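Here the structure comes first, spelled out in structure tokens, and everything after it is commentary.
The values are calculated or read from the model by the stated rules, or taken from the named source; none is laboratory data. Remember, it's a predicted structure, so these values are computed and weren't measured experimentally. Don't worry about glycine lacking a Cβ; one is built from the backbone with ideal geometry, like all the others, and counts go over all protein chains shown.
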Amino acid sequence: MLMLAACGSSGKSASSEKSDFIAQADAVCSRYNDLATKATKNLKHPNQRQMISAIQNRLVPIFQRQDAELAQLHPPQADEATFAKFIADLKAATTDVAQYPEAFVAAHGATPLARKAADEAAAYGFAVCARI
């Protein structure tokens, strides 16, 4: 009885709740990473114009759907502000890619905003969502 009270009303410990949340988010990121890979798989040796077109027409919509799905997840209450900042930075990175696809190509996907969001994800404990 004392153990349940210490874990909160759900009966889960804070670390268990965070681990479950990380698993949910990483599953979302994994699914969208697979979609992004498939969306660009048939591009063998694309020229600059083909890459920019693929980014704008294939990848950006995938990134936007991923961002929206992640934003719908419910982090542990203690982590809401941290997760909200990550989501805001992730959306900013996606907007940056949409506006400046050439920079995305030049950085091989590792734009400064993408790195910032990935660093935040890694610091929180995400694995898949922290990959660039």
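Data table
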item	result
Residue that is modelled with the highest pLDDT [pool: residues in the range 29-55 that are more than 20 Å from Arg131 (Cβ to Cβ) and polar (S, T, N, Q)]	Ser53
Residue ID - nearest to Ala117 (Cα to Cα), chosen from residues in the range 4-28 that are at pLDDT below 65 and in a helix (DSSP H, G or I)	Cys7
Conditions (1) on the phi < 0 side of the Ramachandran plot; (2) surrounded by 15 or more Cβ atoms within 10 Å (Cβ to Cβ); (3) of a type outside the set (Lys, Arg); (4) over 10 Å from the mean Cα position of the chain (by Cα): number failed by Gln66	(4)
Number of positions in the range 88-116 that are surrounded by fewer than 18 Cβ atoms within 10 Å (Cβ to Cβ) and either under 24 Å from His45 (Cβ atoms) or among the aliphatic types (A, V, I, L, M) (or both)	12
Test result for Asn42, more than 17 Å from the chain's Cα centre (by Cα) and within 22 Å of Ser30 (Cβ to Cβ)	yes
Elements of type helices (runs of 4 or more DSSP H) contained in the range 63-132, each with 1 or more residues being over 18 Å from Ala39 (Cβ atoms) and modelled with pLDDT of 95 or more	80-99, 112-124
All positions within the range 41-51 that are surrounded by fewer than 16 Cβ atoms within 10 Å (Cβ to Cβ) and part of a helix (DSSP H, G or I)	Gln48, Arg49, Gln50
